[in-house]
Structures are given as structure tokens and as C-alpha cells.
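The values are calculated or read from the model by the stated rules, or taken from the named source; none is laboratory data. Owing to the predicted nature of the structure, the values given are computational and were not obtained by experimental measurement. Virtual Cβ from ideal backbone geometry, glycine too; neighbours counted across all protein chains shown. Accessible surface areas use protein heavy atoms only, side chains included; no ligands, DNA or RNA. Shrake-Rupley method; radii C 1.70, N 1.55, O 1.52, S 1.80 Å.
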Amino acid sequence: MSVTDTVEISGHLLDSGILSVVLDDIREYGGDYIIDRFDVGKDASDPSHVKILVSSEDDDGLQRLLMRLQTRGVNLVDPGEASVSTADRDGVFPDGFYSTTNLATRVRIDGRWIEVDNPEMDCGLVVDGEGSERRVRTVPMADVEEGMRVICGAAGIQVTAPVVGHEENESFGFMDSQVSSEKPQTVLVRQVADSIRSAKAAGKEVLWVGGPGVVHTGAAPAMVSLVKAGFVDVLFAGNALATHDIESALYGTSLGVDLAQGRGVKHGHEHHIRALNTIRKAGSIASAVDQGVLTGGIMHALVTGGKRFVLVGSVRDDGPLPDVYTDVIEGQRAMRAELTDVGFCLMVATMLHSVATGNILPATIPLVCVDINPATVTKLADRGSAQAQGIVTDVGLFLEQLALELVPEYRTTRS
């Protein structure tokens, strides 16, 4: 005998295609559905609302289905109370734990709704404290500790998906797709610049996620100007961006290619490994700056400007630099610790770190991904970062234009 429950969702369900996706999810998860009520908005700006009776063969299947639907912003009509179980070992959630989304989430316990502190996808929900001091937070699997109280099942949980009205003058609202390759780049750059200005005006930080293409394309001076002007608060990257930025500062090359002449130089293939050795000898990037060994580039600008960076490595890294996290779990923790005040995220020329960052960002933080490869932003959206907007273009040209838009005096320094 099947088990059933009633769910609801509101928004621009038809023109966004989300209703079709929800119904496909139900069938994909082995469930069935009956549309109980469908109120269609009459005008383009009016939201629609639908109630759906969903069913599955057993309660376990229904709970998994309900959790899946919540990634689309679907909630139970009668959410009830959350169920809590205790973790019986480190690093392991209880069976049936609630698998989180990156949407704004709240949990009802003892009749009171509690906002989840740090929404993040693919984690669990842990309850701390009692009574009015009770709070709920997301915890990744690796950080589960024996005795933690973990929310199980989909009952007592509501999510809120970001909604952009058709008549709102939102950045990137004019785009018809998540990936933009045939849009006026001047307009796109201006919109990114406006988003950065808005975040700063609201007292929020701007997070950058960068790959070595920033250096390879000759855009490092543009990014340095943005750091110095206060438009880069935190940088997430790997070993490569920092290494080639330092190579450029020390030798004028990136991967052995002279950035001024655009051609390889004699013994240039050694430059990156010699740059690594120089910093390792100094002890850290900051120490190299303090000692006068490193006198220019992106990393130098971050250190001298008191900005933060988190470098997380991979198995293919040379060196790596002494600042690089080689334990990826520790690297994840370091990245999460920098998200508290972020109000806008710009990702440039990196698929690996863009997807990793997208996985830990709440859906409420707008993000823009700039890459020559449209698959980068497509992968972001496929991994659940539905708020991601993509600009397909040469990163070097984009950052030059962004610097000119945000830092007018940059034109003088480049002439």
C-alpha cells in the first residue's frame, strides 16, 4: 500500500519550466502524483501556485522524494514537526538524515520555526542548544561527531527559493539563458560591476574564485587594480593561480611564456618550479612579501592590502606553495569559514574551484561565472547552483573591461 502527502510550490511555474521538472522528478524517484489544485497567474508578473498529492511505495521512498522536491523549492502543505536522531559515531549521519539544499531553510521544533544558520547543499542539519537558545546549522558529513542531534526525514522543514519577478530590474534579468555568449559584453561587464558595487554598499564582501587563466591571459594587472581598489575581499583558488602569479612577478612569465612578448623564453619551463622553491624558502607568501622577495602581482596585492585567500590544492600540483591546503577536508573548512559576510561571488577561469565553491554557497548569494568554456557554468547549474549566471568570453578581456569600469584610474596606468 502506497504512502502519500501533499506538497505545494509557488512562482513562475510555467515559463520557468520548474513545474515540468518537479513532475519529472516524481516519476524518476518511482513516485506518482495527482495535481490537486493549480492557480495560474493571469499576468506575466503574477506567480502561479500548485498543490500536488505525491505518493510512493513506502515511507523511505516518500522521504527521499520529498527531499528531492525541496531542491526545487517544493514544500509540504502540512510540514508538521522535525524528527531528530542522535549520531552514534563520528563521520556518519543517522539513517534517513535530511539531505540539505542550498536554499534558505527553516526547521520547526516544539512548535517554533528556526532559521538554519548556513544553508549548504549535500549536508545534514544539526540541532544545538535548548529552548530559546536552540539553533540549527548545516554540517558536512566529515564533521559529524558522535552525539550530535541530526534532523531526519523531510517533516518540519521548509525551504524558500529565490524569486525574481518579471518586472524587477534585477542584474542579468534580461538574459534568456544561464549561459550568455551572444550578449553585449559592455552591458554584462557593467551589470557585474553594479552587482559588486551593490554588495559593497550593503556592507558585504566580494568573493572571487580564480584559475591560472587570469595570469595566462595577461589579466593579472587588472585584478591587482581591483584588489587595491577594494573590490576583492576574499580569493579562493588553487596552487596554480598563485604559483603562476608569483612566477610572473619574479620572472615576467607564465608557464614559461613571456607575458609581454607572448612567446616562450629560454629555460622558461623551469620558472614555475623555481618560483615555488623561492616561496617555500621564504616560508610563506606573506613572509616572501615581508622579506621583499615578492614585490608585485595578485598575491602581493592581497597580502599588502590585508585581504584573505584560501588556496586548496589537488593531486597534480607541483610544490605546492606552503600556503596551499593539501588536505581537502581542511581546505573545505577554511573556505566555509570565509563565507559569513559574502554578498556577491565572481568566478573566473576555473571549473574545479567554481564547482567546489558553488557547492558550499547559499542560493541567496548571487554568483557570476566567467569562462571561455560554456561547460563550466553549465556544470555549476547541474550541481545545484541554480543562481549561477554565466558569461562566455575571454577572461583577460573581461577583467580588463571590469577594471576600467570599477577603477577609472586603471586606464591611466595602462596607457
Open item on the list: As an exercise: evaluate ARG411 against (1) within 24 Å of LYS228 (Cβ to Cβ); (2) surrounded by 21 or more Cβ atoms within 10 Å (Cβ to Cβ); (3) at pLDDT below 95; (4) not aliphatic (A, V, I, L, M) and give the number of the one condition it does not meet.
Closed with: (2)
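Take the conditions more than 19 Å from LEU352 (Cβ to Cβ), β-branched (Val, Ile, Thr), surrounded by fewer than 15 Cβ atoms within 10 Å (Cβ to Cβ) and out of contact with any Pro (no Cβ under 6 Å at 6 or more places or on another chain) and apply them to THR304. Does it pass?
no
Considering each residue of segment 319-338, count those that are open to solvent by 30 Å² or more (accessible area, probe 1.4 Å) and touching a Gly at 6+ places or on another chain (Cβ under 7 Å), and give that number. Break it down into steps so the answer makes sense when it comes.
Step one: of segment 319-338, the residues open to solvent by 30 Å² or more (accessible area, probe 1.4 Å) are 319, 322-323, 325-330, 332-333, 336-338.
Of the ones still in play, those that are also touching a Gly at 6+ places or on another chain (Cβ under 7 Å) are 322, 325-326.
Matching residues across segment 319-338 total 3.
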Open item on the list: Exactly one of these conditions fails for GLU81: (1) under 27 Å from the mean Cα position of the chain (by Cα); (2) among the charged types (D, E, K, R); (3) farther than 26 Å from MET335 by Cα. Give me its number.
Closed with: (1)
Open item on the list: Could you check segment 256-300 and list, in sequence order, the residues that are open to solvent by less than 60 Å² (accessible area, probe 1.4 Å), assigned to a helix (DSSP H, G or I) and farther than 17 Å from LEU321 by Cα?
Closed with: GLY268
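Which residue, of THR243, THR253, is among the hydroxyl-bearing types (Ser, Thr, Tyr) and closer than 26 Å to ARG336 by Cα?
On the way: THR253 fails: closer than 26 Å to ARG336 by Cα.
The unique qualifying residue is THR243.
Residue by residue through segment 334-350, note down the ones that are under 16 Å from SER314 (Cβ atoms) and touching an Asp or Glu at 6+ places or on another chain (Cβ under 7 Å). Even if it seems obvious, please write down each step before you answer.
Taking segment 334-350 as the starting set, the residues that turn out to be under 16 Å from SER314 (Cβ atoms) are 334-335, 349-350.
ALA349 - this is the single residue of segment 334-350 that is under 16 Å from SER314 (Cβ atoms) and touching an Asp or Glu at 6+ places or on another chain (Cβ under 7 Å).
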Task: Total residues in segment 1-47, condition assigned to a strand (DSSP E or B) and touching a Leu at 6+ places or on another chain (Cβ under 7 Å) - done: 8
Open item on the list: Report every pair of residues separated by at least 6 positions or lying on different chains whose Cβ atoms are under 6 Å apart, first residue within segment 193-206 and within 9 Å of PHE344 (Cα to Cα) and hydroxyl-bearing (Ser, Thr, Tyr), second modelled with pLDDT under 95 and open to solvent by 30 Å² or more (accessible area, probe 1.4 Å).
Closed with: SER195/SER171
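Within segment 381-408, track down each residue that is modelled with pLDDT under 85, assigned to a loop (DSSP other than H, G, I, E, B) and open to solvent by less than 40 Å² (accessible area, probe 1.4 Å). Can you show your working first?
Just the residues of segment 381-408 that are modelled with pLDDT under 85, to begin with: 381-388.
Then keep just the ones that are assigned to a loop (DSSP other than H, G, I, E, B); that gives 383-387.
GLY384, SER385, GLN387, listed by residue number.
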- [ ] Sort out which residues of segment 21-44 are in contact with a strand residue (DSSP E or B) (Cβ under 6 Å, 6 or more places away or on another chain) and either touching a residue at least 12 places away in the same chain (Cβ under 8 Å) or surrounded by 15 or more Cβ atoms within 10 Å (Cβ to Cβ) (or both), and write them in order of number.
- [x] ILE26, GLY31, ASP32, TYR33, ILE34, ILE35, ASP36, ARG37, PHE38, VAL40, GLY41
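Among ALA242, ALA249, which is the only one that is modelled with pLDDT of 95 or more, farther than 25 Å from GLU409 by Cβ and surrounded by 18 or more Cβ atoms within 10 Å (Cβ to Cβ)?
Exactly one residue qualifies, and that residue is ALA242.
Conditions tested, residue by residue: (1) aliphatic (A, V, I, L, M); (2) under 28 Å from VAL328 (Cβ atoms).
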residue: VAL227; (1), (2): yes, yes
residue: ASN239; (1), (2): no, yes
residue: ALA249; (1), (2): yes, yes
residue: VAL257; (1), (2): yes, no
residue: HIS267; (1), (2): no, no
residue: ARG280; (1), (2): no, yes
residue: GLY283; (1), (2): no, yes
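In a strand (DSSP E or B) and of a type outside the set (Val, Ile, Thr), is that true of ARG108? Step through it out loud before you land on a result.
Working: in a strand (DSSP E or B): yes; of a type outside the set (Val, Ile, Thr): yes.
Taking the combined requirement at face value, the residue satisfies it.
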Open item on the list: Please determine whether any residue of segment 339-348 is in a loop (DSSP other than H, G, I, E, B), among the aliphatic types (A, V, I, L, M) and either touching a strand residue (DSSP E or B) at 6+ places or on another chain (Cβ under 6 Å) or open to solvent by 30 Å² or more (accessible area, probe 1.4 Å) (or both).
Closed with: no
